[in-house]
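Everything on this sheet refers to the single structure shown next.
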Amino acid sequence: MRKPRPIARLDEITITRGTEEAHIKYKDPAYGETCLRIGSKMANMTDQEILDLYNDCLKSQSELALNNPYVAIEVPLGSPQIEYSSQCEQWSPKGNVVRCLIDTAAEEEQEPVITVDGKELSWREFGRLICTYAGWGMRIEFTPEDAIHRRPKLEVKEP
């Protein structure tokens with residue numbers, strides 16, 4: 001299991017830049033890499049400014065976790081579960097639970113197509129949607145199509 005990411009110093013990490021995102025990788029392999037989406041203003045930022053922004057995010061996440069025990073929020077049936085951000089150019093979940101259907105594309109590669117609220121998301125779009133929770137864990141419960149709005153009975157055992 002990956003250790004929680006600590007507040008970092010420049011000599012403890014490597015920053016590589018994408019167009020609008022910084023990839024922050026700890027030199028210690030016990031810590032995961034993260035992608036911090038900053039936007040076009042990143043072009044004028046120093047590595048130290050990027051690191052300060054990243055460390056501020058870590059501090060805010062830690063403070064939030066201390067003051068707010070986690071309760072998963074599920075958007076009610078009939079309300080949109082995802083929203084498109086033109087600023088980030090991607091879909092993002094509105095809550096912490098996403099009810100969806102799995103299908104396959106008609107192409108030879110048979111890549112999954114994920115449908116949320118009637119909106120078909122490509123595997124890439126869905127991947128970007130769940131990346132808004134990078135650093136979190138994820139559980140996947142497969143349910144029949146007509147039961148995605150209910151948690152199934154859970155039984156822990158070897159299949």
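The values are calculated or read from the model by the stated rules, or taken from the named source; none is laboratory data. These numbers were taken from a predicted model, which means no experiment stands behind them. Cβ placement follows ideal geometry from the backbone for every residue including glycine, while neighbour counts extend to all protein chains displayed. Side chains included, ligands, DNA and RNA excluded: accessible areas come from the protein's heavy atoms. Shrake-Rupley method; radii C 1.70, N 1.55, O 1.52, S 1.80 Å.
For this structure, a couple of remarks:
- Residues of the stretch 74-123 that are of a type in the set (A, V, I, L, M) and either part of a strand (DSSP E or B) or loosely packed, with under 11 Cβ neighbours inside 10 Å (or both): Leu77, Ile82, Leu101, Ile102, Ala106, Val113, Ile114, Val116, Leu121.
- Test: residue in the stretch 28-42 that is at pLDDT below 95, open to solvent by 60 Å² or more (accessible area, probe 1.4 Å) and in contact with a Phe, Trp or Tyr (Cβ under 9 Å, 6 or more places away or on another chain): yes
- Qualifying residues in the stretch 124-159 (those that are closer than 12 Å to Trp91 by Cα and of a type in the set (A, V, I, L, M)) - the one most open to solvent (accessible area, probe 1.4 Å): Ile130
- Of the residues making up the stretch 96-131, not one is hydroxyl-bearing (Ser, Thr, Tyr) and at positive phi.
- Cβ-Cβ contacts under 8 Å between residues 6 or more apart (or on different chains), taken from a first residue in the stretch 138-159 that is in contact (Cβ under 8 Å) with a residue 40 or more places away in the chain to a second residue that is loosely packed, with under 10 Cβ neighbours inside 10 Å, are listed as His149/Leu77.
- Selection over the stretch 47-72 of residues that are at pLDDT 95 or above and among the β-branched types (Val, Ile, Thr) gives a count of 1.
- Selection status of Val71, aliphatic (A, V, I, L, M), over 16 Å from the mean Cα position of the chain (by Cα) and under 30 Å from Asp117 (Cβ atoms): yes
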